[in-house]
Amino acid sequence: MARNVCILGASGSVGESTLKVLRAFPEEFHLHSFSVHSNLEKAMKVVEEFQPEFLCITSEFADRTKLGSKYKNTSVLYGASSLCELVKIPEIETVVTALVGAAGVLPTVEAIKAGKKIGIANKETLVTCGPYINHLLENSNSILVPVDSEHNAIYQLLSSVKKDSVERILLTASGGPFRTLPLEELSKVTVEQTLKHPTWNMGPKITVDSAGMINKGLEVIEAHYLFGFPYEKIGVTIHPQSIAHGIVETKDGASFVYSSYPDMIFPVAHSLFYPETVPKVLRYYPATDWGKLEFMDVDPERYPGLALAYEAGKVGGTAPSIFNAANEVAVELFLQKEVRFIDIPELIRSALESVEVTYPVELEGYLKADFNAREFIRNSRNKKVLPLC
Ligand code: NDP
Ligand code: MG
């Protein structure tokens with residue numbers, strides 16, 4: 001019988017990759033339910049194609065009259081809190097968290113409490129409250145299977161390499177569209193230039209994150225909470241071709257590399273089939289076609305956000321929550337053309353210096369830090385102390 005899948009954020013880039021995998025394996029998976037935030041057109045197309053049991057629309061501004069009682073077989077739920085109810089439905093086997101931002105935290109927490117297998121794409125959840133999530137997992141039957149390509153690569157490599165033989169794990173990064181731009185021109189880059197990622201096709205927030213390697217910073221923190229390695233053992237290398245996604249170096253000096261075409265269908269399919277293996281080739285890309293693969297060090301002057309992420313990660317507690325929330329607001333401001341690209345890491349730095357870091361046991365403490373960091377950036381903006389374009 002087909003396994004029931006719930007996609008949170010089906011209208012986005014990872015959401016679409018997940019739908020592609022479901023299309024490729026109609027006998028194995030059934031789209032039981034999904035959410036969109038505001039994209040009702042996409043929601044209607046998905047309902048018509050997949051005939052799921054539930055659709056959840058989370059934006060409070062969504063037009064509730066548009067879908068009405070249009071669908072006989074699909075119930076429509078509204079509001080962010082309905083995600084938390086949705087993920088608990090017993091028939092759901094796997095929840096894919098393909099929604100963007102800290103909005104992923106509460107439904108992921110509920111899915112863990114309900115014992116679901118979670119294909120976790122939403123990296124902001126573990127960055128916001130990694131210690132709390134790991135505590136929950138200790139007392140639950142739930143498992144997280146990473147969908148973020150680097151983490152999925154490391155996860156697969158660690159299934160064949162003994163953890164105590166690992167010297168270091170390496171996450172690869174494309175370096176984004178500004179890898180070779182003269183440093184002095186970074187202050188003038190536009191939103192349009194920033195949204196042109198050289199190798200991956202992703203949503204706007206992660207594309208901006210990637211251009212400054214803040215995405216890699218979020219991923220370093222995510223890797224720390226997923227795999228338990230100290231920050232000293234988590235490295236980053238620039239690999240412009242995005243063919244190698246994760247590398248595990250062992251104590252004997254060997255390196256195990258996971259490689260695939262840069263397409264999210266690979267990690268998504270792995271997470272959906274896990275613990276079984278994906279039974280057919282989704283996209284053939286033989287090693288003989290790869291051409292030259294380059295690996296290079298990260299220039300800290302070009303990507304100051306990465307070092308900030310390491311600092312926040314090592315401080316621990318709510319420092320990563322502050323890093324993430326300040327970044328989310330700063331990226332929104334950049335996309336609205338209210339601050340420059342180079343202001344994003346500066347805003348994060350100021351939030352990390354100003355917002356109190358605590359070491360909570362309960363989720364509320366992490367959510368409070370998230371709230372405080374957002375308020376800090378917004379208030380700074382209102383006081384006009386932020387640099388304007
Ligand atoms: P997109 O911007 O393409 O999609 C985001 C999804 O989240 C959409 O379905 C959107 O709905 C929904 N959404 C937006 N805001 C909210 C909210 N406040 N509450 C609930 N849902 C919301 O993002 P991506 O698919 O690129 O990324 C999704 C997540 O996966 C991110 O955490 C990202 O870091 C991570 N990731 C993405 C990768 C990629 O290749 N894209 C790779 C690895 C990780 P709507 O469109 O209807 O408004
Ligand atoms: Mg990634």
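Within 10 Å, count the other beta carbons around each residue, average over each peptide in 239-252, 5-18, 96-109, and list them highest first.
5-18, 96-109, 239-252
Taking all pairs of distinct Cα atoms, average 1/r, flip it, and tell me the Kirkwood hydrodynamic radius of region 122-197 in Å to one decimal place.
Details: mean 1/r = 0.0624 Å⁻¹.
Evaluated over region 122-197, this radius sits at 16.0 Å.
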Discussion item. Output wanted: per-residue J couplings in Hz (rounded whole) for region 199-213, from phi through Karplus 6.51 cos²θ - 1.76 cosθ + 1.60, θ = phi - 60°, x for Gly and Pro.
Written reply: 10, 10, 10, 9, x, x, 5, 5, 5, 5, 3, 5, 4, x, 6
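When you count, for each residue, the other Cβ atoms within 10 Å and take the mean per peptide, how do 207-215, 307-315 rank with the highest first? Intermediate results must be reported in sequence, preceding the final value.
Values: 207-215: 26.1, 307-315: 19.8.
So the order, starting with the most tightly packed, is 207-215, 307-315.
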Worksheet item: Once Rh is set to the Kirkwood radius over Cα pairs, what Stokes-Einstein translational diffusion coefficient, in µm²/s, holds for region 25-67 at a temperature of 10 °C and a viscosity of 1.306 mPa s?
Response: 144
Worksheet, complete the sentence: Taking Cα atoms only, Rg over Rh for the chain with Rh from the Kirkwood formula is 0.95
Worksheet, complete the sentence: The set of residues whose placed amide H lies less than 5 Å from the amide H of Phe29, leaving out same-chain residues fewer than 5 positions away, is Arg3
Fill in: Charge context of Phe29, other residues only, Cβ under 10 angstrom, K/R +1, D/E -1
-1
Item to complete: Could you work out, for region 1-136, what percent of all Cα-Cα pairs fall into each 10 Å distance bin, beginning at 0 Å and stopping at the bin that holds the largest distance?
Response: 13, 47, 33, 7, 0
Worksheet entry | Whole-Hz ³J(HN,Hα) from phi, Karplus 6.51 cos²θ - 1.76 cosθ + 1.60, for region 283-294, glycine and proline x | 7, 7, 9, x, 4, 5, 9, 5, x, 7, 9, 10
Response to the item:
Cβ density ranking, 10 Å radius, fewest first, applied to Lys123, Lys45, Lys116, Lys163 yields Lys163, Lys45, Lys116, Lys123
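Roughly how compact is region 235-336, stated as its Cα Rg over 2.2 N^0.38 Å to two decimals?
Details: Rg = 17.8 Å, N = 102, 2.2 N^0.38 = 12.8 Å.
Normalised by 2.2 N^0.38 Å, the Cα Rg of region 235-336 equals 1.39.
Consider all pairwise Cα distances in region 251-290 and report the whole-number % of them above 16 Å. Intermediate results must be reported in sequence, preceding the final value.
On the way: 379 of 780 pairs.
Of the Cα pairs, 49 percent sit more than 16 Å apart.
Here, each number is a calculation from the coordinates, and none is a lab measurement. The shown structure was predicted, so the numbers you read here are calculated from the model rather than taken from an experiment. Note: ideal-geometry Cβ built from the backbone for every residue, glycine included; neighbour counts use all protein chains shown.
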